[in-house]
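One structure below.
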Amino acid sequence: MAKFKKTLPLVLPILLAFAGASLAYVFNEKNSIKVSKETQPGLELGKDYYIQISLVELASKPEGKSTWDKLGSAPDIYVEIKWRENIIFKSSVKSDTLIGVWSQTELDLQSLAMGDTTISPDDLIKGARVSAVEGESIALQVYDYDPLGANDLAGSVELVFSSLNIGKNKLNDLSPGLRRVEILVSEVSEG
Ligand SMILES: [Ca+2]
């Protein structure tokens, strides 16, 4: 694997920044698997957080149907995050799979802060920014994308902020069609 030079140019092409951030995330993710949910801090109500979808696993077939796709191919998964009755995030589509994985461009906010940049983290993070207000929740709606017809709702789950933790949140057996969801919650570091 190529190593980054010690002295990176001050102005990196955006694409390279994305690639670097993605790699950093992959390594962070591997490390964070050891951290159990119980040891992670909960959300501080009243603060802003980023919600990112890491993984969605669907059941082998949808509820009440024999196959996901008409020709027997696996579902084409995408996720919407809904908050206060608005869709605030829509993921890319992961085609023909029962397990959709989205690599996140989790920002190394420290390195971002070191450089001269006018880019807001909001512009780079592939996720939703929410305010963790007491009693409120976000809804994750998982769809099987259909290019020709209506997208089928594969499953959905509502998560109250008080039930979420900072870091990775693993959720299992949420509904008949939805076996597993992993989301990443990160603090917004700006004042
Ligand atoms: Ca398909």
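Laboratory data are not the source of any read-out in this text; all were calculated from the coordinates shown. Because the structure is predicted, anything quoted here is derived from the model rather than measured. Positions of Cβ are generated from backbone atoms using ideal geometry, with glycine treated the same way; all protein chains shown enter the neighbour counts.
Structure summary
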quantity: Rounded Å value of the spacing that divides the Cα centres of the stretch 128-142 and the stretch 42-94; calculated: 14
quantity: Net charge contributed by nearby residues that have their C-beta within less than 14 Å of residue 70 (K/R +1, D/E -1); calculated: -4
quantity: Net length gained if the chain between residue 151 and residue 170 were fully extended (0.36 nm per residue, minus Cα distance); calculated: 4.3 nm
quantity: Cross-link pairs 65/126; 47/90; 70/168; 70/170; 47/170 - those with Cα-Cα distance over 26 Å; calculated: 65/126; 70/168; 70/170
